[in-house]
Amino acid sequence: MTDYFEIGQIVNTFGIKGMVKIKPFTENLEQFEELEKIYIKNKQSKKEYKIQEVKYHKQMVLIKFEGIESPEEAELLRGSYVLINRKDAKPLEEGTYYIVDLLGLEVYTDENILLGKVDDIYNTGSKDIYVIKDNLGKQVLLPGIEDVIKKVDLENKKIIVHIISGLM
């Protein structure tokens, strides 16, 4: 399991005081207000920043970091990813998982047939869609509903699914 979670990407600067505009990768935007620090990761490094202020604007998160005082300094962070330490993340409800923990898990039917590995998960608004890819690159899309996703076993790195009529 990874020690850090990507929770957004810096897409622009905002205002004249060095704020950055972040496209969030999480549904829980209030999470940003509860954080004291985050990590900014770019191609070269990962660096810790203390959060001074959090605001919201049109589904984006605006953050002012200590030590970033101008738009020019904020511009240097554009394109970087915003990370938090796993220990700083809110605990999840039972039966819910971080997407990063599910990626790469092997997916078996309840008849013990290997379908492939979890390649991606995306949200359609009403439910998640699991993208399962086999060794040949063939994809199967499975809805993240209780009738289909029967068991997630992080320890053994596998998911058991039930294929209902019409899925494949």
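Quick note: the coordinates plus some simple rules give every number you see, no bench work behind them. Since this is a predicted model, take the numbers as computed values, not measurements. Because the Cβ atoms are built from the backbone with ideal geometry, glycine has one as well, and the counts that use them run over all protein chains shown.
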message: Suppose the Debye formula is applied to equal point scatterers at every Cα of the range 4-88; what is log10 I(q)/I(0) at q = 0.17, 0.22, 0.23 Å⁻¹?
response: -0.59, -1.04, -1.15
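What 222 nm value per residue comes from the helices of the chain, counting each DSSP H run with n ≥ 4 as -39,500 (n - 2.57) and dividing by all residues, nearest 500 deg cm²/dmol? Provide the component values of the computation, followed by the final result.
Working: 3 runs with 13 residues, N = 168.
Counting only the DSSP helices, I get -1000 deg cm²/dmol.
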statement: Quick note, the range 99-161: a/c under 1.5 would make it rounded; otherwise a/b > b/c is prolate and the rest oblate (a ≥ b ≥ c, C-alpha gyration tensor); here it is rounded
field: Charge sum, other residues only, whose C-beta stays under 12 Å from Val100's C-beta, Lys/Arg counted +1 and Asp/Glu -1
entry: -3
message: What is the distance in Å between the Cα centroid of the range 1-36 and that of the range 61-113?
response: 9
- request: Let me have the relative contact order for the chain, percent, based on Cα pairs under 8 Å that are six or more residues apart.
  value: 19
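So how much slack lies between His57 and Ile163, counting 0.36 nm per residue of separation and subtracting their Cα-Cα distance, in nm? Numbers along the way, then the final one.
Numbers: separation 106, 0.36 × 106 = 38.16 nm, distance 4.16 nm.
Stretched out fully, the His57 to Ile163 stretch lengthens by 34.0 nm.
At 0.36 nm per residue, and after removing the present C-alpha to C-alpha distance, how many nm does the segment from Glu30 to Ile121 gain when stretched out fully?
Values: separation 91, 0.36 × 91 = 32.76 nm, distance 2.25 nm.
Length gained between Glu30 and Ile121: 30.5 nm.
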message: If you take every DSSP beta bridge fully contained in the chain, what fraction is antiparallel? Give it as a percent rounded to 5.
response: 90
- request: Tell me the label-point distance for the pair Glu106, Glu48, using the 7 Å Cα-to-Cβ offset, in nm and rounded to one decimal.
  value: 3.9
field: Computed Rg/Rh of the chain, alpha carbon atoms with Kirkwood Rh
entry: 1.06
